[in-house]
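Colleague: The structure's right below; bear with me while I get my questions together.
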Amino acid sequence: MKAIGVRRDGDQPVLLEKERPTPEKGEALVRTLRVGVDGTDHEVIGGSHGGYPDGEDHMVLGHEAVGVVEEPNGTGFDEGQVVVPTVRRKPNGETNEYFRRGEPDMAPEGEYFERGIVGEHGYMAEYFTSPADFLVPIPAELAEYGLFVEPVSITEKANEHAFSTREPFEWRPESACVLGNGSLGLLTLWMLQQKFDRTYCVGRRDRPDPTIEIIDELGSTYIDSRETAVDEIPEAHESVDYIYEATGFAPHSVQTVQALAPNGVGALLGIPEPWDFEIDGGSLHNEIVLHNKCLIGTVNSHITHFEDAVETLSEAPNWLLDDLITTVAEPTDVAPAFENDDDQIKAVVEFDSL
């Protein structure tokens, strides 16, 4: 079967020929429909994130997948059921407390593998197998957009954890800001519009630009961080109740504290490389304490967040999902899906259709 991967001695995605996998007991065989490409895939290819399966000279890419059950193999799924796989797996097949309690997303590094990222092959192949516990059914009418379930699940978790920190008191948020105007940032922006009166999105692009057009269409305010830094947002616009950071730009973690309104919360999702810069630690500490502000870090998601993401996508406007997908590539000509330019929002590798 055809698969897209990266070799240990390479720095570009390559077309591979691999044997079609055989499902083990408790696993289903899934025929892949579409797999999304995101920043993590680029980091894996570049060698700055992730790790290869033991003993393998390559890794199959892809963690944002949607497929159709080809062989249920006694898992309880129906043949033809559209499913989305989760990402984290037990390291070397050995369970631990995080997997036993159904919270693999809370496991620290070394306590998990991630398919297509670290330790296990991903889903960017014509077929893959998965235990039933890690497959989430979705409606057939969502199959075209099923690749968005995994990234939306990340936001479902971030929002759940961030908002839960405000539960001990009566929090009345009105404004939210997304740092980052990639596909995840834009999806999150739409999600936050359902909860907040005013929304902002921070990027580093000039008009005309397809992501800014989407921000405008959503009725949000675009902020160019080259003109207005994150910590200058209160003066230029307003202090913000909730900030969702998805840039990996390390200074944003500090600037977020200054941009938050009293009692506000910021969720950090970006993963920067080591970065030294000077900060006024005393003022930062005082700002958090004296104004009851909160910063949380969050990564990955578990199956309930995937289920929530399915419901969220069912309510998302088709025009938004269509506009986000800017490239649909075939496995035999995958290069366009890995181009990283300003016209690219969400690239997809399509293996099959319903």
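The values are calculated or read from the model by the stated rules, or taken from the named source; none is laboratory data. Small disclaimer: the values here were computed from a predicted structure and weren't measured. As a convention, Cβ positions derive from the backbone with ideal geometry for all residues, glycine included, and neighbour counts pool all protein chains shown. The accessibility values were calculated without ligands, DNA or RNA, using every heavy atom of the protein model including side chains. Shrake-Rupley method; radii C 1.70, N 1.55, O 1.52, S 1.80 Å.
Colleague: At ILE296 and GLU111, where each label point lies 7 Å from the Cα along Cα→Cβ, what is the point-to-point distance in nanometres?
Modeller: Modelled inter-label distance: 1.7 nm.
Colleague: Continuing with the same structure: Using θ = phi - 60° and the Karplus relation 6.51 cos²θ - 1.76 cosθ + 1.60, list the HN-Hα couplings for the stretch 254-261 in order, rounded to whole Hz, with x at every Gly or Pro.
Modeller: Couplings: 7, 4, 4, 4, 5, 7, 6, 6 Hz.
Colleague: Given a 1.4 Å probe and the protein chains all in place, what does the accessible area of ILE279 round to, in Å² to the nearest 10?
Modeller: Looks like 90 Å² after rounding.
Colleague: Here is a follow-up. Please list LYS18, LYS157 from largest to smallest accessible area, probe radius 1.4 Å, with all protein chains kept in place. Could you put the intermediate results ahead of the total?
Modeller: On the way: LYS18 55, LYS157 5 Å².
Of LYS18, LYS157, the descending order of accessible area is LYS18, LYS157.
Colleague: Carbon-plus-sulfur fraction of the accessible area of the stretch 48-143, 1.4 Å probe, in percent? Please list the in-between numbers first.
Modeller: Working: 1670 of 4030 Å².
The C+S portion of the solvent-accessible surface of the stretch 48-143 is 42 percent.
Colleague: Another one. Enter the accessible area of TYR123 (Å², nearest 10), with the probe set to 1.4 Å and all protein chains included.
Modeller: 0
Colleague: Against the 2.2 N^0.38 Å scaling, with N counting residues, where does the stretch 28-98 land? I'd like the Cα-based Rg ratio to two decimal places. Kindly include the intermediate steps, with their values, before the conclusion.
Modeller: On the way: Rg = 14.6 Å, N = 71, 2.2 N^0.38 = 11.1 Å.
After normalising by residue count via 2.2 N^0.38 Å, the value is 1.31.
Colleague: Given that compact globular proteins tend to follow 2.2 N^0.38 Å, what is the ratio of the alpha-carbon Rg of the stretch 1-144 to that value? Before the final figure, lay out the partial values.
Modeller: Working: Rg = 14.7 Å, N = 144, 2.2 N^0.38 = 14.5 Å.
With N residues counted in the stretch 1-144, Rg over 2.2 N^0.38 Å equals 1.01.
Colleague: Give me the percent relative contact order of the stretch 1-137, please, defined on Cα pairs under 8 angstrom at least 6 residues apart.
Modeller: For the stretch 1-137, the relative contact order is 34 percent.
Colleague: Filter the trypsin sites (Lys or Arg not before Pro) in the stretch 186-254 down to the DSSP loop ones having no more than 11 other Cβ atoms within 10 Å, then list what survives. Working shown, then result.
Modeller: On the way: sites: LYS195, ARG198, ARG204, ARG205, ARG226; in loops: LYS195, ARG204, ARG205, ARG226.
Here the sparse-neighbourhood loop sites are ARG226.
Colleague: How large is ³J(HN,Hα) for each residue in the stretch 289-295, as worked out from phi by the Karplus curve 6.51 cos²θ - 1.76 cosθ + 1.60 (θ = phi - 60°), to whole Hz, x for Gly and Pro?
Modeller: 6, 6, 10, 6, 8, 9, 10
Colleague: Amide H neighbours of LEU295 under 5 Å, counting only residues 5+ apart in sequence or on other chains, H built in-plane at 1.01 Å?
Modeller: GLY266
Colleague: Additional query: Need one value: the accessible area of TYR52 in square angstrom, 1.4 angstrom probe, rounded to the nearest 10.
Modeller: Probe radius 1.4 Å; accessible area of TYR52 about 60 Å².
Colleague: Over the chain, what is the percentage of antiparallel beta bridges among all DSSP beta bridges, to the nearest 5?
Modeller: Working: 32 of 61 bridges.
Given both bridge residues lie in the chain, the antiparallel proportion sits at roughly 50 percent.
Colleague: Still on this structure, I have one more. Eight or more residues apart or on different chains, and alpha-carbon atoms under 27 Å: count the Lys pairs in the chain matching that.
Modeller: For the chain, the number of qualifying lysine pairs is 13.
Colleague: Now for a different question. How many Å³ per residue does the convex hull of the Cα positions in the chain occupy? Walk me through the numbers before you get to the answer.
Modeller: On the way: hull volume 51.2 nm³, N = 354.
So the per-residue Cα hull volume is 145 Å³.
Colleague: With every protein chain kept in the model, how would you rank PHE134, PHE169 by accessible area, 1.4 Å probe, largest at the top? Display every interim value, and only then the final one.
Modeller: Numbers: PHE134 40, PHE169 80 Å².
Order by accessible area, largest first: PHE169, PHE134.
Colleague: The stretch 73-121: which GluC sites (Glu not before Pro) are DSSP loop and have at most 12 other beta-carbon atoms within 10 angstrom? Could the numbers behind the result be given before it?
Modeller: On the way: sites: GLU79, GLU94, GLU97, GLU109, GLU111, GLU114, GLU120; in loops: GLU79, GLU94, GLU109, GLU111.
Sites meeting the loop and neighbour criteria: GLU79, GLU94, GLU109.
Colleague: How high is the FRET efficiency between GLU311 and GLN12 when r is their beta carbon distance and R₀ equals 45 Å, given to the nearest 0.05? Can you show the working numbers first?
Modeller: Details: r = 37 Å, r/R0 = 0.83.
Rounded to the nearest 0.05, the efficiency is 0.75.
Colleague: In terms of solvent-accessible area of protein heavy atoms at a 1.4 angstrom probe, what is the ranking of HIS237, HIS42, highest value first? Kindly include the intermediate steps, with their values, before the conclusion.
Modeller: Details: HIS237 80, HIS42 60 Å².
Of HIS237, HIS42, the descending order of accessible area is HIS237, HIS42.
Colleague: Classify the stretch 239-290: rounded, prolate or oblate, from the alpha-carbon gyration tensor (a ≥ b ≥ c, eigenvalue square roots; a/c under 1.5 rounded; otherwise prolate if a/b is larger than b/c)?
Modeller: oblate
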